[in-house]
Amino acid sequence: MYAGHGHGASAWGRVADNPTGLDAINPGEHLDVETIVDRARTELGSVSTHSVYDALHTLDSAGLVRRIEPAGGPALFEIRVGDNHHHLICRGCGMVVDVDCAAGAAPCLDVPDTDGFVVDEAEVTWWGYCPACQRLAETGPQRPADEEAASRSPRG
């Protein structure tokens, strides 16, 4: 990760010039800036959050990362670019999963009235609950048996 870069804030700033810096985001991941900053600091040492924001902006503008903005949450960054895919987001834990285009080529959805717009892309986000959050909702939070028994016994 970040091979060939020196330490410090300027090293992360150079990420935009070297695609190897994209190693901070693994395929299938959708990461917020704080997570990317933590990874950069682990690899590079002292890195400013501002430098990471600048690098991500540059990478996004160059089409090397994609920024998604789920409602009610922080912006997330992914390295899957250049295709027309969508996202499925868990309301419980926030897990994000890529979903291939729903219906063919971009924009993959028909707009009944474009009001003069030339539509070239549709961004779809499906919301629901992942299997783990579904199980948690069905069973409730798990507590050790002895704590549960203690909570039921009268204190005296």
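Please treat every number below as a calculation from the coordinates, not as lab data. It should be emphasised that the depicted structure is a prediction, and the values quoted were computed from it without experimental measurement. All Cβ positions, glycine included, derive from the backbone under ideal geometry; neighbour counts span all protein chains shown.
Taking amide H as placed 1.01 Å from N in the peptide plane, D32 has its amide H under 5 Å from the amide H of F77, each at least 5 places away in sequence or on another chain. Phi angles of the stretch 43-53 translate, via the Karplus equation with coefficients 6.51, -1.76, 1.60 and θ = phi - 60°, into HN-Hα couplings of 7, 10, x, 6, 9, 7, 4, 4, 4, 5, 4 Hz per residue; Gly and Pro are given as x. Neighbours of L31 by Cβ distance under 9 Å: Lys/Arg scored +1, Asp/Glu scored -1, total -3.
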